[in-house]
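The values are calculated or read from the model by the stated rules, or taken from the named source; none is laboratory data. Remember, predicted model here, so these are calculated numbers, not experimental data. Cβ sites come from the backbone with ideal geometry, for glycine too, and all protein chains shown count toward neighbours. The protein model used for the area step is the full one, side chains on, heavy atoms only, and it has no ligands, DNA or RNA in it. Shrake-Rupley method; radii C 1.70, N 1.55, O 1.52, S 1.80 Å.
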Amino acid sequence: MTLKELRTHFTGEIIPDADNGKTVTLAGWAHEIRDLGGITFLVLRDRTGRAQVTLVKKKIDAELLEIVKRMSRESIITVTGTVKAEPKAPNGFELLPETITVVNEAGSPLPMDTTGKVDAELDTRLDNRFMDLRREEQTAVFVIRDTVQKSIRDFLEQNKFVETTTSKIVAAATEGGTDLFPINYFDREAFLNQSPQLFKQMLMSAGLDRVYEIGPIFRAEEHDTRKHLNEATSIDIEMSFADHEDVMELLENMIVYVYEQVVEKCHKNLAVLGIELQIPKLPFNKYTYEQVLDIINNEIPEIEDKMVFGDDIGTQAEHLFGEYVFNKTGESHYFIIDWPTETKPFYAMPYEDRPEISKSFDMMHRMMELSSGAQRIHQHDMLVESIEAKGLNPDGFEFYLKTFRFGMPPHAGFGVGAERLVMTMLNLDNIREAVLFPRDRKRLSP
Ligand code: ATP
Ligand code: MG
């Protein structure tokens, strides 16, 4: 048997009525073996679902039954047999086997349960991620994440964006600060990039006009939270001849498109997770930073510490304000706009008439921040002043500043965390659930 002949179908491709009586070969894992005496059920699992292989003792070849009885759970198997429509079986059919082959036997005991009958701690699951991912809920998360990322690419292609890949090894910090991972770069110190921000902007001067990148960002933040990773995936865009309002419109349309695509393409996976997705309504509500402050100080008594202009909106306030918006509007997604210039990075454009606030925004989900963006400063001298005002040295940014001296169009952009997008969409408890192999303060393997 050649490898090509190992499989004719995925289990999920079999249509019980149409394929009734057909001979097929399935390949996958021995998910479960249930010996009920007169009848034995072998459940074969692949990425698309499960098939029940039924062996009736009186009718079946004794050798075949012996193979199944000796089989260890999670072994790799192939089964060739006849499809029989059976409404009581999972997916509406059973397979009456002619041949069963154990391709590669699994050891025992298994490091963790894959049937979902035994609850495992997140740490145990992540230590054994390859086994954890065999559970249909986990498969569903990553099939949906695939659709999320593909639809973003799709949407941005439709809007004439060029996909780019920029270096993750850099000489200088994007925004200054201490959240950097230093690395040895031959005889020099270098860093893992926190954000493709500076590259994206340089590509505006290069004339690419609209660029995006879906790639890793590295942040040496020490906190251990449900929404922070030390390596995350950023969906970053930058757009020339655009202001903050233009990119907010792009962003809300992108989010709605992604939700629509997931609803259309992933209904089975959503059902596995028990989720009925609400597509957010356009346009998203906008609250200025000062309105948020006002509401927090006057309408949300649970927040005891009064906020003043220039304060960041902390986790508790972010959460309670999210609830406030949801109760008022029924919507989970909204924008907080016009942030104090001092709270935003040096590249955010201040308003001409009120330079203490900037043309910046955060796109929020009820539970957390999903994205930050802004119109950027495109004038060289103003940018140098802004870098200095943040206590940074413009000399370290010469490679970047140079691109502002020889033809830089006005531009704007944003970054969205891919994991937070999936996490909030699927109502996951912990951001680590949305990453195959998460990196956090304690976890460097697998
Ligand atoms: P927060 O304040 O929630 O830590 P941030 O404002 O530092 O986030 P930005 O620099 O604005 O993050 O990055 C843009 C987006 O990238 C964030 O809105 C978030 O979705 C995502 N992101 C940033 N840092 C992380 C991280 N450590 N883990 C997961 N996602 C992140
Ligand atoms: Mg932010």
Practice task
Return a whole-number percent for the relative contact order of the stretch 3-104, with Cα pairs under 8 Å and 6 or more residues apart as the contact set.
Solution key: 30 percent
Practice task
Let me know the charge dipole size of the chain about its Cα centre in debye, to the nearest 20, where only the beta-carbon of Lys, Arg (+1) and Asp, Glu (-1) is charged.
Solution key: 2180 debye
Practice task
At q = 0.11, 0.12, 0.20 Å⁻¹, what is the base-10 log of I(q)/I(0) for the stretch 216-292 according to the Debye formula with one equal point scatterer per Cα and no solvent? Please give it to two decimals.
Solution key: -0.50, -0.59, -1.13
Handout entry: Contour minus Cα-Cα distance for Glu222 and Asn20 (0.36 nm per residue)
Key = 67.0 nm
Handout entry: 1.4 Å probe accessible area per residue over the stretch 220-356, in Å²
Key = 50 Å²
Fill in the blank from the handout: Among trypsin sites (Lys or Arg not before Pro) in the stretch 48-77, those in a DSSP loop whose Cβ has at most 15 other Cβ atoms within 10 Å are Lys57, Lys58, Lys59
Completion exercise
Along principal axes, largest first, the alpha-carbon spread of the stretch 240-351 in whole Å comes out as 47, 42, 20
Exercise for the section: Grab the alpha carbons of the stretch 3-104, take their convex hull, and tell me the volume per residue in Å³. Expected result: 91 Å³
Handout entry: Computed FRET value (nearest 0.05) for Thr165 with Val56, which takes r as the C-beta separation and R₀ as 60 Å
Key = 0.60
Practice task
Measure off, as a whole percent, the carbon and sulfur share of the 1.4 Å-probe accessible area of the stretch 3-104, all protein chains present.
Solution key: 53 percent
Practice task
May I ask you to derive the FRET efficiency for Arg441 and Phe186 from their Cβ-Cβ distance with R0 = 30 Å, giving the value to the nearest 0.05?
Solution key: 0.60
Practice task
Any lysines with Cα under 24 Å of the Lys306 Cα? List them, leaving off those in the same chain fewer than 8 positions away.
Solution key: Lys286, Lys328, Lys344
Handout entry: Mean Cα-pair separation over length for the stretch 274-390, i.e. relative contact order, pairs under 8 Å, 6 or more apart, %
Key = 23 percent
Practice task
Report the relative contact order of the chain, percent, no decimals, based on alpha-carbon pairs under 8 angstrom and at least 6 residues apart.
Solution key: 13 percent
Fill in the blank from the handout: Ordered by number, the GluC sites (Glu not before Pro) in the stretch 287-330 that occupy a DSSP loop and have at most 14 other Cβ atoms within 10 Å are Glu302, Glu304
Problem - Estimated distance in nm for a label pair at Leu36 and Gln379, the labels positioned 7 Å out from Cα along Cα-to-Cβ - result: 7.9 nm
Fill in the blank from the handout: Here, chymotrypsin sites (Phe, Trp or Tyr not before Pro) of the stretch 236-318 satisfying both criteria (DSSP loop; at most 15 other Cβ within 10 Å) are Phe241, Phe309
Handout entry: Selection from Phe155, Ala172, Ala220, by position along the positive dipole direction of the chain (Cβ)
Key = Phe155
Practice task
Could you rank the peptides 5-11, 198-204 by their average count of other C-beta atoms within 10 Å per residue, with the highest value first?
Solution key: 198-204, 5-11
Exercise for the section: Compute the accessible area per residue over the stretch 3-104, keeping the other protein chains in place, probe 1.4 Å, unit Å². Expected result: 52 Å²
Practice task
For the chain, just run the numbers: alpha carbon Rg, then divide by 2.2 N^0.38 Å, N being how many residues it has.
Solution key: 1.20
Problem - Over the chain: helical MRE at 222 nm, DSSP H runs n ≥ 4 each giving -39500 (n - 2.57), nearest 500 - result: -8500 deg cm²/dmol
Handout entry: Span per principal axis, largest first, for the Cα atoms of the stretch 351-446 (Å)
Key = 45, 32, 25
Practice task
May I ask you to list the lysines whose Cα is less than 30 Å away from that of Lys22, ignoring any residue fewer than eight positions away on the same chain?
Solution key: Lys4, Lys57, Lys58, Lys59, Lys69, Lys84, Lys88, Lys265, Lys268
